[in-house]
Amino acid sequence: MADKKTYETEIAIIGSGGAGIAAGIEACDAGASVIVFEKAADLGGAAAISGGGCCIVGSPIQKAAGIEDNPDLAFNDWVKWGGPSTDVVWARYYIEHSLHDLYHWAENFGVKWVDMKPQEGNSVMRWTRPERNGLGLMTHLTQAFRDKGGEIVANTEIKEIKTSNGRAVGFLGVNSETGEEVEVSCKTVIVTTGGFNSNIDMVLEARPELKGHKVMEGSGHGSTGSGHKMVTDVGGYLTHMENVWFYVYSTPDYRDPDQKRGLVCRHIPGYIWVNQQGKRFHNESLSGGNSASPAMLAQDPPHAWAIVDTPMKANLEIADPYYRNGDEIIRENVEELLANSPFVKSAETLEQLAKEIEVDPATFLGEIERYNDACEKGLDNEPEFGKPLGMSKPFDTPPYYALQFVPTARKNFGGIKTDIKCRVLNKHFEPIEGLYAAGEACGMAGGHINGSAGLEGTMLGPSVFSGRVAGGWAANETGHGEGFVGKPNRP
Ligand SMILES: Cc1cc2nc3c(=O)[nH]c(=O)nc-3n(C[C@H](O)[C@H](O)[C@H](O)COP(=O)(O)OP(=O)(O)OC[C@H]3O[C@@H](n4cnc5c(N)ncnc54)[C@H](O)[C@@H]3O)c2cc1C
C-alpha cells in the first residue's frame, strides 16, 4: 500500500496557473511560507498556453501609439459589453489597478509587453500582449515565485478541502505518478484551479439547451472544475455558471482520443462561413464570443463551414500547444491538420467542395459568386452582412478547403463567489474562514467580473490580479503583511 506524504505550510495553493502563481508571489512577498500544488506535470495551466493578452488601461504602449485611455472609458466599455450581470465593483477594482498592479508589476519580473491588438467592444486598443504570449508571462512569474522561496509540487491532484470548526485547514490529494496519498496542513487555502470548460458535462449542465449538439471542450486540460466541487463541498457558493464564453471559429481536434476538444483557428480574415444550408449568416470579421457565437448558435444545426482557398490558409494559426509554441507557429502541424482532419474537407473545385460538405451546390455557389463579385468590384464592404473586404480576395485558387466550425467552450465568466478580498462566500454571502479563491475558478475574479461577455484580455488579466489580491489577504490572515495594497492607475 502506498504511503502518505504530508506537507505543512502557512499558505497552500491549488493550481499553478496565472492566479495561483500570482497569489504565491504576493504571499511570499508578505513573508508567508507557500506551497503550490499542481495536478499536471507541466506548470502554468491555461495561462501558459494562452495568447497572453491582458486588458491594460493607460499603458506606456497605448501612449506610444497615441491612444488616450482612462479607467472611466474602460469601465463604460466593460459594463456596456458585459451587460447587467457584470460585477461592477470587481470590474472597477481591476481596471483601476491594471497599470501598476499588473503591467508594471509583471515587468519587475522580466515580463516585456510588446504589442496590442484591437478587440470587439473596446473603444480603444487595450489588449496587450507579453513577449512569447502566456508562456512568456508564466515563465517569468513562476521563476519569480521560486526565487522568493515558493515551492511547487507537481503531479499532485487535490481532491478534498479539509475543514475544522468551519475553517479550511488544508487538503487531501494524490500523487498521480506514485499513487501516494498527500495530506496538506496549512493556515489558509487558496483555490486557483481554473475554469470548467474542459469538462463537457459541467458545460452542458450550465447550458442545458446545448445538449444533443456538437459542443467541444476548449480550455486548458486541467480546467475540469475540480475546485468548484471542492469548494461547494465545504459550503462555498457558485454564481453565474451559465456565462460560458464560446468561440465558434473552432474545429474539432481530430487527434484527441476522446474526441471532445476543439481547436481555435485564427488569422484567416479572407474566409467566409456557410451554414449547413450552404448560406452565409454573419459578418465573419466579427468573430468574437458576443457576436459570432450567438449567430452560430442560432443556426440549425449550430455549426458552420469556414471556406478558404489556398492563399488564404497561409497565415492560419491554431491556438493550441501542438500547433503553437508561445508565439511561434508550428506550420507543418497546421498543414498536417488540413491534410488529415476528417473535419476539414478539400476539393479542386467549389462544386466538389459543396458535395463534400453536403450543402446545396446552387445555394453555396451563389454565395461565393456574390462574395467574389463584391471583391472584384473593389467594394469596401460586401453588401449582405457588411464584412469589410480590405483583407479579402475572390475565391479563385484551388485546392479549396472547408473547415467545420463548432462551438467550443473557452472561458468561464461564472464560478466561485468571493468578496473583494477573495474570501470564498457561502450561500449567505458570509466568508468561509481560511478559504480564498481567485482566477477563472471564480469567473476570473469575484464570481462574475466580466458579466456575460468579455472585452478580451479580461480573463488572464483579472485572473492574475485577483490571484495577487487572494495571496495578499490570505497572508494577512496568517499574520503576515497588511493584506493586498495596490497602486491605482491614477492619483
Ligand atoms: C488557448 C487559450 C488562450 C487564451 N488566451 C487568452 C488571452 O489571450 N487573454 C486572456 O485574457 N485570456 C486568455 N485565455 C484565458 C486565460 O488563459 C485563463 O482565463 C487564465 O489562464 C485563468 O487563470 P487561472 O490561474 O485561474 O487558471 P489556469 O491558468 O487554468 O490554471 C489552473 C491550474 O490549476 C490546476 N488544477 C486544476 N484542478 C486541480 C486540482 N484538483 N489539483 C491540483 N491542480 C489543479 C490546473 O491543472 C491548472 O494548471 C486563454 C485560454 C486558452 C485556453
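The values are calculated or read from the model by the stated rules, or taken from the named source; none is laboratory data. Just so you know, these numbers come straight off a predicted model, no measurement behind them. Using ideal geometry, Cβ is built from the backbone for each residue, glycine included, and neighbour counts are taken over all protein chains shown. Keep in mind that these areas ignore ligands, DNA and RNA; they rest on the heavy atoms of the full protein, side chains included. Shrake-Rupley method; radii C 1.70, N 1.55, O 1.52, S 1.80 Å.
A few remarks follow.
- Normalised Debye scattering of the stretch 70-218 at q = 0.10, 0.18, 0.19 Å⁻¹ gives log10 I(q)/I(0) of -0.61, -1.29, -1.27, counting only Cα atoms as equal scatterers and leaving out solvent.
- Using only alpha carbons, the stretch 1-119 has a radius of gyration to Kirkwood radius ratio (Rg to Rh) of 1.06.
- Lys487 versus Thr397: modelled label distance in nm, points set 7 Å from Cα along the beta carbon direction: 5.0
- Spherically averaged projected area of the convex hull of Cα atoms, the stretch 1-67: 6.9 nm².
- By the rule of a C-alpha distance below 14 Å, with chain neighbours fewer than 8 residues away ignored, the aspartates and glutamates paired with Lys148 are Glu26, Asp29.
- Over the stretch 124-165, the ratio between the Cα radius of gyration and 2.2 N^0.38 Å evaluates to 1.81.
- Per residue of the chain, the DSSP helices (runs of n ≥ 4 H) give a summed -39500 (n - 2.57) that works out to -8000 deg cm²/dmol at 222 nm.
- Debye log10 I(q)/I(0) at q = 0.13, 0.14 Å⁻¹ for the stretch 239-337, Cα point scatterers: -0.51, -0.59
- Stokes-Einstein, applied to the Kirkwood radius of the stretch 249-406 over Cα pairs at a viscosity of 1.002 mPa s and 20 °C, places its translational diffusion at 135 µm² s⁻¹.
- Shape box of the stretch 148-275 [Cα atoms, principal axes, largest first, Å]: 57, 30, 30
- Working from label points 7 Å from Cα in the Cα-to-Cβ sense, the Lys421 to Asp258 distance is 3.7 nm.
- Cross-link pairs beyond the 30 Å C-alpha cut-off, checked among Lys112/Lys159; Lys162/Lys427; Lys162/Lys411; Lys214/Lys279: Lys112/Lys159
- The label-point distance for Glu351 and Glu151, in a model that sets each label 7 Å from Cα toward Cβ, rounds to 7.1 nm.
- Placing a label point 7 Å from the Cα of Glu183 along the Cα-to-Cβ direction, the residues of the stretch 1-22 whose backbone N falls under 13 Å from that point are 3-8.
- Over the chain, the reciprocal of the mean inverse Cα-Cα separation, the Kirkwood hydrodynamic radius, stands at 23.1 Å.
- Computed FRET value (nearest 0.05) for Val124 with Asn165, which takes r as the C-beta separation and R₀ as 60 Å: 0.75
- Heavy atoms of the protein chains alone define the surface here; on that basis the stretch 249-406 has 42 Å² accessible area per residue at 1.4 Å probe size.
- Debye intensity ratio in log₁₀ form over the Cα atoms of the stretch 434-491, taken at each q of 0.14, 0.16, 0.23, 0.24 Å⁻¹: -0.42, -0.54, -0.90, -0.94
- Rg and Dmax of the stretch 43-95, Cα atoms only, in Å: 13.5, 37
- Rounded Å value of the spacing that divides the Cα centres of the stretch 36-104 and the stretch 281-324: 25
- With all projection directions averaged, the alpha carbon convex hull of the stretch 401-478 covers 6.4 nm².
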